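*Asks:* Sending over a structure as C-alpha cells; questions will come in a sec.
The values are calculated or read from the model by the stated rules, or taken from the named source; none is laboratory data. Everything quoted here is computed from the prediction, not taken from an experiment. Here the Cβ positions follow ideal geometry from the backbone for every residue, glycine too, while neighbour counts run over all protein chains shown. SASA here: full protein model, heavy atoms, side chains in, ligands and nucleic acids out. Shrake-Rupley method; radii C 1.70, N 1.55, O 1.52, S 1.80 Å.
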Amino acid sequence: MPDTVQLSRRTLLKASAVAGGGFALAATFPMAGRATAVSSPADLNAFITIHPDNSVTIIGKNPEIGQGIKTMLPMLIAEELDADWDSVTVEQGLTDAAKYGPQLAGGSFATPMNWIPMRQAGAAARAMLMAAAAQRWGVDAASLATDPGRVVQPGTNRSATFGELASDAAMMAVPDPASLTLKDQNDFRIIGRAIGGVDSPRIVRGEPIFGVDTQLDGMVYAAFERAPVFGATLKSADLDAAKAQPGVIDAFTIAANPQVQLVEGIAVIADNWWLANRARASLAPQWDAGEWESHSSAGYAQAAQEAWKSGSGGEVFAAQGDVDAAFADADRVLEAEYSYPFLAHVAMEPMNCTALMHEDGTMEMWAPSQTPQGGQQAVAGYLGMEPDRVKVHITRMGGGFGRRLNNDYMVQVAAIAKEMPGTPVQLIWSREDDLRSDFYRPAGWHKVRAAVDAQGTLTGWADHFVTFDLGDGAYNPAAMPAEEFPAKYVDNLKFEQTKLATAVPMGALRAPTSNALAFVMQSFLDEVAHATGKDLPQLMLELTDGVAPEPPTQGFMGSQPGFSAPRLQAVTRKVMEMARWGEPVADGHALGFGFYYSHMGYFAEVVEASLDSRNNPVVHKVWVAGDVGSQIINPFGALNQVEGSIIDGLGQAMQLAVEIEGGAAKQSNFHNYPLPRMPMTPQIDVEWVLSDNAPTGLGEPALPPVIPALTNALFALSGKRVRSLPIDRAVFA
C-alpha cells in the first residue's frame, strides 16, 4: 500500500485533527438480554451509529458541493464495517475539527486524505462488533467473520445482527488501527459499485437541503451593497431613504476588515429578500475608487506587452541548464504569446448564509461553505470569541468550484447578525453580486520560446509569465509552479515572471492554475511537435521515454508519489487507442490531443471538433483516459466528475471571460457570462487506467487537458492557432 495518511493507537483520538478518525465511544442503551432494554442506538465511534433494527447511520464529515463526497466517504466506512448499504443512512456532520478532523471540499483532497482513515474507522467498528460476539458466545474473535450487517461463525449456525451486538460492542476496547487488516480490494462489496448520490432523491423531490433553503422562526433577510470598483471605499449613502422603503427593517454600514476578507458595505434588512434587494437602489452610495478605477483587462494586457518589450526580463523562479546557449545554438527558435482571461465561478446557488447571534453571545450559522472550519475561525476572529462559540451547520451547496473556499459572505452575515441579537438573518447575494464580487481565476500572459536542434529535438524552453502581485500567503492562485511541465524534461529551461499591481480579488477555480497553464503549455508543445514533423502525443512520449518516476514528496497529507512519466505514457497510449489516433476522421473534422497532471491525477484527452458555417467551434466527441490510482471508489460519481469537468473546460475555452473595465467586472449575469448549455455538450467516452497507487481525487484533474485538446484540434482543422481565450471565431476567418 503506498504511503498515505494513517492512524495509530497513540494518535487515534488526536488524529481526528488530521484525518477524521476519532472514536468517541458511547453506549446509549443497555446490553441485549436485559429485561429493561430499550430501543436506543449505540455510537461505535464518531462516524457510526448502529440502531437496534440493524440500520446504520454514518456521518458524512465533508461538505457536499455536488462532487459526491457525502456518498463516497461513507462508502469507505460501510465497506470495512461490512454494513448492508441498503440499511445505511448518511447524515451531514456539524463543523467539528476535534471530532472529524479537516472538513473541506477543495483541491480534490477528500479521497487521498481519507482513503485509509475512513476505512480504519469502519474496520475498527467491525472489530468491536466481532469482539462483542466472541464474548457473548465464548469463542475466539479470530474464528468469526461478517456478512453484510451480521457477525457469523463459519461452520455453525451462530449469527447476530449488528443491531443486536451494538450495545455490547460499544463497551469493547477500541482496537489499535495499526493492528487492523483492511480488506483486499477483491473482496469489496461496496467500494467499486456505482451508487447514486445519497441526497439525490431529496433534490428530485425539491426538499430544502441547500443553504438558501434555510428557514428559521422570525428570520429576516439581508442584502449587501458593496463598491462596484475593487478597492474603493465608501464616502456616503442615504440610509434613511433605504429605511423608508416598504418592508425595510433597518440599514447600516459595515466596516471593512481585510484580515477576514470583509469589504466595506451597506446592509439592508427587510421582511423578505426581494424587498431588501430592491431597497438598495435608494441608497445612492458614493464611492472613492482612487487609483483602482483606471485598471482594466486591456491595461493589464498592455502592461504585459511592455514587460516583454522592456528586454529586462523578470524575476527568475525556475532555471536549469544554459538557456541562452541553447537558443544561440538552436537550428530553429519558436516563439508565441498566449493569454487567458479572468473567470468567475457562478455557482447555481449564489453566495448565502444564515446567522443567529444568541442572547448569550454565541453565534450559530447555517453555511454552504467549502471550508466551514475556516469560516468558523474567521467569524470567531471577527467577533473576538473562541471558535467553539461559533456553531456552524454545514448545508449542501448548489455548486462551489472553489468560490466557497472563501468565506467572505459568512463574515458579512455575522457582522449583520451581531447588530441584531436574537434575530436570525439570512444574507443572499443577487446573481449580479455573485458575478461582480467574486474571487476570480487570474488572467495571465505568457511569452513562450522553444529551441529546437537540427535533429528536431527540443533543447530549450523559456517562458516570461506576466501575472499579478497578490502579496504573501500560503496559496497564490496567480502563481506558476517551478516544476511546470516540460520542466525537468528539457535540458535547458527558464521561467521568469513580472507581477502587476491590482485590487481585483482572485482565488481558486476548479483545477486552479492548471486550467490555464495546460492551455499554454500543451498548445505550445503542439506547435513544437508540428514544427518538427511530429504530433503532440509522439512528442510527449519522446520527452518522457525511459524516465523513472520521481521520488515521493512530503506534504501536509504526508508522503505522496512524485510525478510519474510511466503513468503519463500509459494514459497517452490509452487515449490514442480509444480515439484511433492517426486514422482518418469525418470530412471537416479533426482531432486534437492534450495531457495534464494535476491534483495527483493523470489525464490524456482527445477532442474531435469542426467549425460551423459561422466559424464557431463545434465539439463532437471527447475521449478521456484517466489514472487516479488503483480503485475507482464510486464509478457513478467518478463518471459525473469527469463529464462535468469536460463540459466546464469547454465552456471556459469557447465563451467565458470576465473583463475588468474601470476597475470593476463588466459582466453581470448569464446574458454576458454564458455558461455551457446542453446543446454544446459532446459525447464523452471515459476509460480508466488503473495503477498501483492509492486512489486520488476526481473533482478537478480531468478539466485542464480538454482545453488544449480543443485548440489543437482546431489548428489541425484550420491551420490557425488559438493563442488567446476564449476562442475568437475571427481567428478562422
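*Asks:* Residues to consider are 250, 187; find the one that is touching a helix residue (DSSP H, G or I) at 6+ places or on another chain (Cβ under 7 Å) and more than 25 Å from residue 395 (Cα to Cα).
*Replies:* 250
One line per residue, one yes/no per condition, for (1) open to solvent by less than 10 Å² (accessible area, probe 1.4 Å); (2) in the same structural domain as residue 578 (by TED's automatic domain parsing); (3) touching a helix residue (DSSP H, G or I) at 6+ places or on another chain (Cβ under 8 Å); (4) not small (Gly, Ala, Ser):
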{"position": "626", "(1), (2), (3), (4)": "yes, yes, yes, no"}
{"position": "631", "(1), (2), (3), (4)": "no, yes, yes, yes"}
{"position": "642", "(1), (2), (3), (4)": "yes, yes, no, yes"}
{"position": "658", "(1), (2), (3), (4)": "yes, yes, yes, yes"}
{"position": "669", "(1), (2), (3), (4)": "no, yes, yes, yes"}
{"position": "672", "(1), (2), (3), (4)": "no, yes, no, yes"}
{"position": "680", "(1), (2), (3), (4)": "no, yes, yes, yes"}
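*Asks:* Answer yes if at least one residue in region 202-220 is under 30 Å from residue 635 (Cα atoms), in contact with a Gly (Cβ under 7 Å, 6 or more places away or on another chain) and surrounded by 14 or more Cβ atoms within 10 Å (Cβ to Cβ), and no otherwise.
*Replies:* Yes, some residue in region 202-220 is under 30 Å from residue 635 (Cα atoms), in contact with a Gly (Cβ under 7 Å, 6 or more places away or on another chain) and surrounded by 14 or more Cβ atoms within 10 Å (Cβ to Cβ).
*Asks:* Among the residues of region 685-710, how many are touching a Phe, Trp or Tyr at 6+ places or on another chain (Cβ under 7 Å) and open to solvent by less than 10 Å² (accessible area, probe 1.4 Å)?
*Replies:* Total satisfying the criteria: 9.
*Asks:* I would also like to ask the following. Could you please give the count of residues in region 478-488 that are open to solvent by 30 Å² or more (accessible area, probe 1.4 Å) and not hydrophobic (A, V, I, L, M, F, W, C)?
*Replies:* Going through region 478-488 one residue at a time, the tally reaches 3.
*Asks:* Take residue 519 and tell me if it is within 23 Å of residue 447 (Cα to Cα) and of a type outside the set (Lys, Arg).
*Replies:* Spelling it out, residue 519 is indeed within 23 Å of residue 447 (Cα to Cα) and of a type outside the set (Lys, Arg).
*Asks:* Additional query: What do you reckon, is residue 662 in the same structural domain as residue 700 (by TED's automatic domain parsing) and more than 29 Å from residue 191 (Cα to Cα)?
*Replies:* Yes: the conditions hold for residue 662.
*Asks:* Applying the selection to region 350-407, what residues are hydrophobic (A, V, I, L, M, F, W, C) and open to solvent by 30 Å² or more (accessible area, probe 1.4 Å)?
*Replies:* The answer is 366, 383, 385, 401, 405.
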